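The values are calculated or read from the model by the stated rules, or taken from the named source; none is laboratory data. Model, not experiment: these values are computed from the prediction. Note: ideal-geometry Cβ built from the backbone for every residue, glycine included; neighbour counts use all protein chains shown.
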Amino acid sequence: MTAARAAAGLALLLTAACTAPAPPRIEASTAAGMACARPQGSPGAETATTIDVVEQAYFCILGAYYSGPTLDARSLLTAGFIALTQELNRNGRDVPEATMPALTGDRKADWTAFEAVYRKITDQVPDLRDRLADVTLEAVVAALGDNHARWTRDVQRHPDHYDGDGYGLGLEANVNGRQAEADPGVALPPLFVTAVQGGAARAAGLRPGDLIEEIDGSAPFVDGQATPAITSLYPRYPQARPVKLRLLRQSTGRRWTVTLKPGLFPRDLAGLQVVRSELVDDDIALVRLAGFSPDSANRVFRAVSRLRTGRTLSGVVLDVRGNGGGSPVEATRLVSAFVHGKPTAHQCAVDGRCQTMWTDDTVELLGLPLVVLTDRGCASACEHFSSAIKDLRAGTLVGTRTAGVVSGPASPYLLGDNTLLSFPTRHHLGPDREVIDRIGVAPDHHVPLTPKDAAAGRDPALAKALTLLHK
Amino acid sequence: MRQILAVAAGLVVLAASACSAPTPPRSAAPSVTPTGPATLPTPTGPRPVGTTVLHLTDTSRPDPWDLDADARELKVTLWYPAKRGDGPRAPYMTPKESELVLKGSRITGAPYDTLSKTHTNAVEDAAPEGKRFPLVVLSPGFTKPVSTLTSLAEDLASRGYVVAGIDHTHESYATTLSDGRVAECLACDSDTDPGFGPRVVQGRAADVSFVLDRLPSEWDGSGSIDRSRVAMVGQSIGGAGAVAAMLKDSRVRAGIDMDGTTYARMPKSGFTGPFMFLGTPQHVPGGRDTSWDRDWKRLTGWKRWLVVTGTDHQSFTDLPLLAGALGIRLAPGALAATRSAELTRTYVAAFLDQHLKSRRQTLLDGPSPRSPEVKFCPTACATL
């Protein structure tokens, strides 16, 4: 897979929407300097990444990234050089010239020194030139250690893909893909299936609640610590190696092994809708919001208003579990239906200067009690929303802690090879100026899902929410 | 995707968007002084054309977009060979529909009722000729009323087809319902959802089957329809709907997709229905939208993939013909509106004549010196 996920774990579903609102022209151009520009329209066909593109990205980061003005640029070049030499080694093509040049801390001079050595190396291995540029640029971006910094090229889709299809084993587990790749540290055993979406998992008869005891012969947890084996549950095209699972169904005591081959599978179209709503217990509006896509706040408002017609509601449950984020503007608008006149977040530069995102008080208050269902799949704008609801006491959070993937809204920049580099120009802080990134938002009521609940189709978090609203 | 109803060549289809029409930048429609109401070109066939509107309600299923509607109401516009060609010409659309379409499309350079003043050729509620003709179902692009395909519909009727144009309620900026209410674009809310395109075409296929079921009993002139010879033609997601309808309903024997990204799943074992892709230069093999490449491999029967140079996504609709009236300048290098209309009419009719009237069309065999703009893909269009 040549798709470079520069910052592992940023597989947000709604990447297209997961960007900051376009800043005023003047800010974008001065911030980025001459190195890179915001994309206008859809980019042309991608061309090979060259050292000139790496240079462009390097100065783009230094000019526009959140901590660009202060970061030690040597850390980027060193990370790039490490990746470069590792790739040479991996190909059995190490060369004597592959020695890191001395760096002085002068950003321009250091780049010049780096580029000179880089060119000497790639001249010896011209056939590896494209690949070496890829890994170098990936590593430079990864060195930011920022979960909203990413560079992607050549994202391939299965040629037989139809809109709405999924790719993989066809299952979701209690440790989701992003968590498995980026931050398995907080995952708790046991590993179990939470949803069977289709494909190989459905064909093999897996069910929610089935415990996954081994993945390709490895334990998912060792001494309570999640292992990288869990990432094998979430292959991406073109990864197609079959994955062997040892399973235990607690209800019957059955223990067995299946081999699941990754592939395309159709998903339920109705279930893919970003906003879904239903009336529960005749007096609670339950609205599921899968992402903060354009218009999503208005869609939630319309759903509630429809369910409210002709009856008195006792409250609203907003289910944002698995909501991978999207537009901060939509998150702010949704908060604004429950509270006015407050900050929902602060977007801060490295020098501590912040822009405050206030509630949009043109949004009509719903005037209904609110419970928000959260989990580790609630990321980015979803955490902006959840933290604001909690801090501003506009509602009650029920479920588990959010993802902690909310460094700041990412802005895309177009590079010379027509690839997109994106990263935050500001970092996100909650309404009380607290850091949420990597920490997440703790729910008011911790209600985790157990394998038994999953097997029985129970939703204890929703049950708790209904209890709270009926009090 | 609220695509602008504007004409802007050279736009690329956004890979991520649910529908096939690109979203032009706001400034894509350079304004010029409107020329006054447009006149649609005269139909080229020998027969006078009549038109009438039916409102049909499918009580067997809820509306897919209006959660409070437990039935699906559709507006169907019929164009057909008429006994006589004299009488009042049918309106293009109502002033209210014109206003909603222009507002939705963010076209502000002309009075909002401009489209309702468009001169058409079909005689309102004229008596049908009385012979039997093949039926062509027409389906418009997302957000568009089917009247945006009137030039094509009138031409087909003049050549001896009954045309049933469907306004897929809530998928258009404006659909006047039987009680006079004007339904707006509820589906526009969710057009960025994953799986949106497949949901739309699934619904359109159901709309088509329902219309085919009901036409015989709902239209006095239905004796003019040879129900054994039915095809479907659509623009943008309407073209994707043609694929979906053919896959679902074997009564639809042949189809044309005019520049629409396709969404309905074709069986891997292949699909034999005669089919034609008719696209812009953005829709060449290996282009950004990969859906035609994918489905082309699965089409195992008679098939063509034509790409017309100088066209954009709206070139196969009435929009270029209306551009002057709307104060929109055609993009540099674009085909003249009369030429894109002529090519659309000619190639669509050739396909239908071949597959519904069993008249072999040499025009479809390969490039023609009279239509140098039309390239035959995938083999002969590599240079575009």
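Table: residues versus (1) of a type in the set (Lys, Arg); (2) part of a strand (DSSP E or B).
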{"site": "A:VAL371", "(1), (2)": "no, yes"}
{"site": "A:GLY377", "(1), (2)": "no, no"}
{"site": "A:CYS382", "(1), (2)": "no, no"}
{"site": "A:LYS390", "(1), (2)": "yes, no"}
{"site": "A:ARG393", "(1), (2)": "yes, no"}
{"site": "A:VAL405", "(1), (2)": "no, no"}
{"site": "A:TYR413", "(1), (2)": "no, yes"}
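Only a single item in (1) away from chain B (no Cβ under 14 Å); (2) modelled with pLDDT of 95 or more is not met by A:ARG306, and it is number (1). Looking at B:PHE196, B:PHE210, B:PHE271, just one residue is surrounded by 18 or more Cβ atoms within 10 Å (Cβ to Cβ) and free of Cβ contacts under 8 Å to residues at least 40 places away in the same chain, and that residue is B:PHE271.
If you go through the range A:254-263 one residue at a time, do you hit one that is modelled with pLDDT of 95 or more, within 14 Å of chain B (Cβ to nearest Cβ) and touching a Ser or Thr at 6+ places or on another chain (Cβ under 8 Å)?
No, there is no match, as no residue in the range A:254-263 is modelled with pLDDT of 95 or more, within 14 Å of chain B (Cβ to nearest Cβ) and touching a Ser or Thr at 6+ places or on another chain (Cβ under 8 Å).
The residues on offer are A:ASP223, A:ASP282, A:ASP319, and the sole one that is closer than 30 Å to B:GLY203 by Cα, more than 14 Å from chain B (Cβ to nearest Cβ) and free of Cβ contacts under 8 Å to residues at least 40 places away in the same chain is A:ASP282. Only one entry of B:ILE237, B:ILE256 meets the criterion of being within 14 Å of chain A (Cβ to nearest Cβ) and farther than 19 Å from A:PRO159 by Cβ, and that entry is B:ILE237.
Each residue in the range B:244-284 was checked for being of a type in the set (A, V, I, L, M), closer than 18 Å to B:TRP302 by Cα and touching a helix residue (DSSP H, G or I) at 6+ places or on another chain (Cβ under 7 Å), and 9 of them qualify. Applying the criterion of being in contact with a Leu (Cβ under 9 Å, 6 or more places away or on another chain) and at pLDDT below 90 to the residues of the range A:37-67, the residue that is surrounded by the fewest Cβ atoms within 10 Å (Cβ to Cβ) is A:GLN40.
Listed here are the residues, each with its yes/no results for (1) without any contact (Cβ under 8 Å) to a residue 40 or more places away in the chain; (2) crowded, with 22+ Cβ neighbours inside 10 Å.
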{"site": "B:ARG84", "(1), (2)": "no, no"}
{"site": "B:ALA90", "(1), (2)": "yes, yes"}
{"site": "B:THR94", "(1), (2)": "no, no"}
{"site": "B:LEU115", "(1), (2)": "no, yes"}
{"site": "B:VAL123", "(1), (2)": "no, no"}
{"site": "B:ALA127", "(1), (2)": "no, no"}
{"site": "B:LYS131", "(1), (2)": "no, no"}
{"site": "B:PRO140", "(1), (2)": "no, yes"}
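Residue count for the range A:56-92, restricted to those that are closer than 19 Å to A:SER411 by Cα and either outside any loop (DSSP other than H, G, I, E, B) or among the charged types (D, E, K, R) (or both): 9.
Check A:ASP210 against each of (1) surrounded by 21 or more Cβ atoms within 10 Å (Cβ to Cβ); (2) within 14 Å of another protein chain (Cβ to nearest Cβ); (3) acidic (Asp, Glu) and name the one condition it does not meet. Of (1) surrounded by 21 or more Cβ atoms within 10 Å (Cβ to Cβ); (2) within 14 Å of another protein chain (Cβ to nearest Cβ); (3) acidic (Asp, Glu), only one is false for A:ASP210: (2). Among the residues of the range A:95-102, is any at positive phi and touching a helix residue (DSSP H, G or I) at 6+ places or on another chain (Cβ under 9 Å)? Looking for residues that are at positive phi and touching a helix residue (DSSP H, G or I) at 6+ places or on another chain (Cβ under 9 Å), one finds none in the range A:95-102, hence no.
Taking the condition at pLDDT 95 or above, polar (S, T, N, Q), assigned to a loop (DSSP other than H, G, I, E, B) and not assigned by TED's automatic domain parsing to the domain that holds A:VAL175, does A:SER386 pass? No.
Take the conditions (1) modelled with pLDDT under 95; (2) of a type in the set (S, T, N, Q); (3) buried (at least 24 other Cβ atoms within 10 Å of the Cβ); B:THR108 misses just one of them, which is (3).
Being within 14 Å of chain B (Cβ to nearest Cβ), surrounded by 19 or more Cβ atoms within 10 Å (Cβ to Cβ), over 21 Å from A:ALA455 (Cβ atoms) and in contact (Cβ under 8 Å) with a residue 12 or more places away in the chain is not true of A:GLY168. For the range A:264-279, the criterion of being aromatic (Phe, Trp, Tyr), in contact (Cβ under 8 Å) with a residue 60 or more places away in the chain and either under 22 Å from A:THR362 (Cα atoms) or more than 11 Å from chain B (Cβ to nearest Cβ) (or both) is satisfied by at least one residue.
Considering the range A:175-193, the residues that are modelled with pLDDT of 95 or more and surrounded by 21 or more Cβ atoms within 10 Å (Cβ to Cβ) include one that is nearest to the other protein chains (Cβ to nearest Cβ), namely A:VAL193. Among the residues of the range B:187-237, those identified as among the hydrophobic types (A, V, I, L, M, F, W, C) and in a strand (DSSP E or B) are B:ILE225, B:VAL230, B:ALA231, B:MET232, B:VAL233. Looking at the range A:226-263 only, could you name the residues that are in contact (Cβ under 8 Å) with a residue 60 or more places away in the chain, within 17 Å of A:GLY177 (Cβ to Cβ) and not aliphatic (A, V, I, L, M)? A:TYR234, A:PRO235, A:ARG236, A:TYR237, A:PRO238, A:GLN239, A:PRO262, A:GLY263, listed by residue number. Say whether the condition of being under 27 Å from A:ARG153 (Cβ atoms) and part of a loop (DSSP other than H, G, I, E, B) is met by at least one residue in the range A:432-447. Yes, there is a match, as at least one residue in the range A:432-447 is under 27 Å from A:ARG153 (Cβ atoms) and part of a loop (DSSP other than H, G, I, E, B).
Taking the range B:274-384 and the helices (runs of 4 or more DSSP H) fully enclosed by it, the elements with 3 or more residues that are under 19 Å from the mean Cα position of the chain (by Cα) are at B:319-326, B:337-356. Collect the residues in the range B:86-102 that are part of a loop (DSSP other than H, G, I, E, B), over 14 Å from B:ALA325 (Cα atoms) and of a type outside the set (A, V, I, L, M), keeping them in residue-number order. Those that are part of a loop (DSSP other than H, G, I, E, B), over 14 Å from B:ALA325 (Cα atoms) and of a type outside the set (A, V, I, L, M): B:ASP86, B:GLY87, B:PRO88, B:PRO91, B:THR94.
Counting the residues of the range A:426-443 that are within 21 Å of A:ALA142 (Cα to Cα), surrounded by fewer than 23 Cβ atoms within 10 Å (Cβ to Cβ) and not aliphatic (A, V, I, L, M) gives 4. One residue alone among B:GLU218, B:GLU154, B:GLU171 is acidic (Asp, Glu), more than 14 Å from chain A (Cβ to nearest Cβ), touching a residue at least 60 places away in the same chain (Cβ under 8 Å) and surrounded by fewer than 24 Cβ atoms within 10 Å (Cβ to Cβ), and that residue is B:GLU218. Among all residues of the range A:113-133, there is at least one that is closer than 30 Å to A:ILE51 by Cα, surrounded by fewer than 16 Cβ atoms within 10 Å (Cβ to Cβ), of a type in the set (A, V, I, L, M) and at pLDDT 95 or above.
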